[in-house]
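The block underneath contains the structure these notes are about, expressed in structure tokens.
The values are calculated or read from the model by the stated rules, or taken from the named source; none is laboratory data. Computed from a predicted structure; not experimentally measured. In this analysis, Cβ positions are derived from the backbone assuming ideal geometry, glycine residues included, and neighbour counts consider all displayed protein chains. Accessible surface is based on the protein model in full, side chains and every heavy atom, while ligands, DNA and RNA are left aside. Shrake-Rupley method; radii C 1.70, N 1.55, O 1.52, S 1.80 Å.
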Amino acid sequence: MLVTHISFNPSSRKKQIQYILDFIQQNPLPTAVIGDWNMNPGSKSWQKVAQKMQDVWHLSGKAGGYTYPSSRPRKRLDYLFITEEIKMVEAEVVDMVPDASDHLPVLARFKFS
């Protein structure tokens, strides 16, 4: 499992995402990458990652998934991406303690094959 916080700067974000995807490609183990990706669903950055990994929220089939800002979420910036060896069981945005951070956490349960 990897945790990241991708830059808001498009040039830096592109380099960071490529680094992560190169790492995943060289790593033979099932992998999950979680964190603040600072990108929108369906954006070019998202599409690049989604070609190599699965977006857990997208797999859930649920609408929304908004995590930012925690006080009144209206953007989806936080993602869990998994390699195909990992199966997503369920996913949810946890909004029990919105004051804990400026982002809400995404919780997912997985099954490994």
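List the lysines whose alpha-carbon lies under 27 Å from that of K44, not counting same-chain residues fewer than 8 positions away?
Result set, ordered by chain and number: K14, K15, K52, K62, K75, K87.
Return a whole-number percent for the relative contact order of the chain, with Cα pairs under 8 Å and 6 or more residues apart as the contact set.
Details: 195 pairs, mean separation 27.6, N = 113.
About 24 percent, as a whole number.
Ignoring any ligand, DNA or RNA, what whole percent of the accessible area of the chain comes from carbon and sulfur when the probe is 1.4 angstrom?
Working: 3870 of 7260 Å².
Its accessible area is 53 percent carbon and sulfur atoms.
Of P28, V49, L2, which is farthest on the positive side of the dipole of the chain, counting Cα position, with +1 on Lys and Arg Cβ, -1 on Asp and Glu Cβ, and the Cα centre as origin?
V49
Treat every Asp and Glu Cβ in the chain as -1 and every Lys and Arg Cβ as +1, leave all other atoms uncharged, and give the resulting dipole magnitude about the Cα centre to the nearest 20 debye.
Working: 14 positive and 11 negative charges, 85 e Å.
That gives the chain a dipole magnitude of about 400 debye.
Build a GNM of the chain with springs between Cα atoms under 10 Å: which of M96, M53, M88 gets the top mean-square fluctuation?
Of the options given, M96 has the highest mean-square fluctuation.
Could you report the chain's accessible area per residue, 1.4 Å probe, as an integer in Å²? Please report the intermediate quantities before stating the final value.
Working: 7260 Å² over 113 residues.
Each residue of the chain exposes 64 Å² on average to a 1.4 Å probe.
Given R₀ = 35 Å, what would the calculated FRET efficiency be for K15 paired with F110, taking r from the Cβ atoms and rounding to 0.05?
Working: r = 28 Å, r/R0 = 0.81.
It comes to 0.80.
What value does the chain have for Rg/Rh, both radii from Cα atoms and Rh as Kirkwood defines it? Numbers along the way, then the final one.
Working: Rg = 13.6 Å, Rh = 14.3 Å.
My calculation of the ratio gives 0.95.
Take the Cα atoms of the range 1-60, find their three principal axes, and give me the spread along each one in whole Å, biggest first.
Between the extreme Cα coordinates on each principal axis of the range 1-60 lie 30, 26, 18 Å.
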